[in-house]
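Comments concern the structure below.
None of the figures in this text is laboratory data; all of them are computed from the coordinates on show. These numbers come from a predicted model, not from an experiment. All Cβ positions, glycine included, derive from the backbone under ideal geometry; neighbour counts span all protein chains shown.
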Amino acid sequence: MATSAQIRQTRNLLLGLTLALLASGMVAAPALAATATPFAASIDERATFVRCPPGTPAGALCFVGEGDGSVTLPLPGGPAKESFFGFVDFGATKAGCTPDYTWSTVSTTKGSLTVFVRGMKCDATPGVDHGAWTVLGGTGMYGGARGSGTAVSQVTSFSNTGATSTSTFDGTLILSH
């Protein structure tokens, strides 16, 4: 026969385990709510060459720009606007490839997504830039998003003052909504 002290001890142990399980479920719930989803966008861009700010590598070519296009994933997709800035680091050219760095915000009616793109322009593929992007932040449906993917830009025109291009972004987002 169990004593009242043993019953109290067993009850307290079971109550403690139940509370611990409930608490762990509350901590894990936000992680379970995050959803991996494909991301795809295509943007026609217009860039203007500008004076580089202090701290930019010597010999860099800086640019700012905007673009219009569409986000096709996640669904339902729709029209998109882009604003961006960055630089091409000619001082770091190696084996015919020159690195470039772009900070870009793509905005839709559902929110905006800001990404950092680390690209590479190589002599073997003139006018084409291949890169990798990483999410920096977002608003609306992209609030709290994480993710990464690839970016490819094809220059369509180039002048002393700027360039036009078409960029595609493909990858995966982890959405918290």
- [ ] Based on other C-beta atoms within 10 Å, arrange 129, 44 from fewest to most.
- [x] 44, 129
- [ ] Work out from phi, with θ = phi - 60° and the Karplus expression 6.51 cos²θ - 1.76 cosθ + 1.60, the ³J(HN,Hα) of each residue of the range 171-176, listed in order in whole Hz, and give x for Gly and Pro.
- [x] x, 10, 10, 9, 9, 8
- [ ] On a C-alpha basis, how far is the centre of the range 129-177 from the centre of the range 91-112 in Å? Whole number, if you could?
- [x] 7
Open item on the list: Using each residue's phi in the range 97-110, evaluate 6.51 cos²θ - 1.76 cosθ + 1.60 at θ = phi - 60° and report the 3J(HN,Hα) Karplus result to the nearest Hz, with x for Gly and Pro.
Closed with: 10, 10, x, 9, 9, 9, 10, 10, 10, 9, 10, 10, 5, 9
- [ ] List the residues whose amide H sits under 5 Å from the amide H of residue 45, counting only those 5 or more places along or on another chain, with H placed 1.01 Å from N in the peptide plane.
- [x] 165, 166, 167
Open item on the list: Quick one: 3J(HN,Hα) in Hz for the range 130-135, Karplus 6.51/-1.76/1.60 with θ = phi - 60°, rounded, Gly and Pro as x.
Closed with: 10, x, 10, 10, 9, 5
Open item on the list: As a footprinting exposure proxy, order 120, 141 by other Cβ within 10 Å, with the fewest listed first.
Closed with: 120, 141
Task: Environment charge of residue 163, counting only residues whose C-beta is closer than 14 Å and scoring Lys/Arg +1, Asp/Glu -1 - done: -3
TODO: Net charge near residue 112: determine it from the other residues with C-beta under 10 Å of the C-beta of residue 112, scoring Lys and Arg +1 and Asp and Glu -1.
DONE: +1
Task: Cα-based reach from residue 81 at 14 Å (exclusive), listing aspartates and glutamates while leaving out same-chain residues under 8 positions away - done: 44, 45, 66, 68
Open item on the list: Highest mean first, how do 107-117, 51-61, 157-167 rank when packing is the count of other Cβ atoms within 10 Å averaged over residues?
Closed with: 107-117, 157-167, 51-61
TODO: Hey, can you grab everything whose amide H is under 5 Å from the amide H of residue 137? Only 5+ residues off in sequence or another chain; H modelled, so Pro and N-termini drop out.
DONE: 114
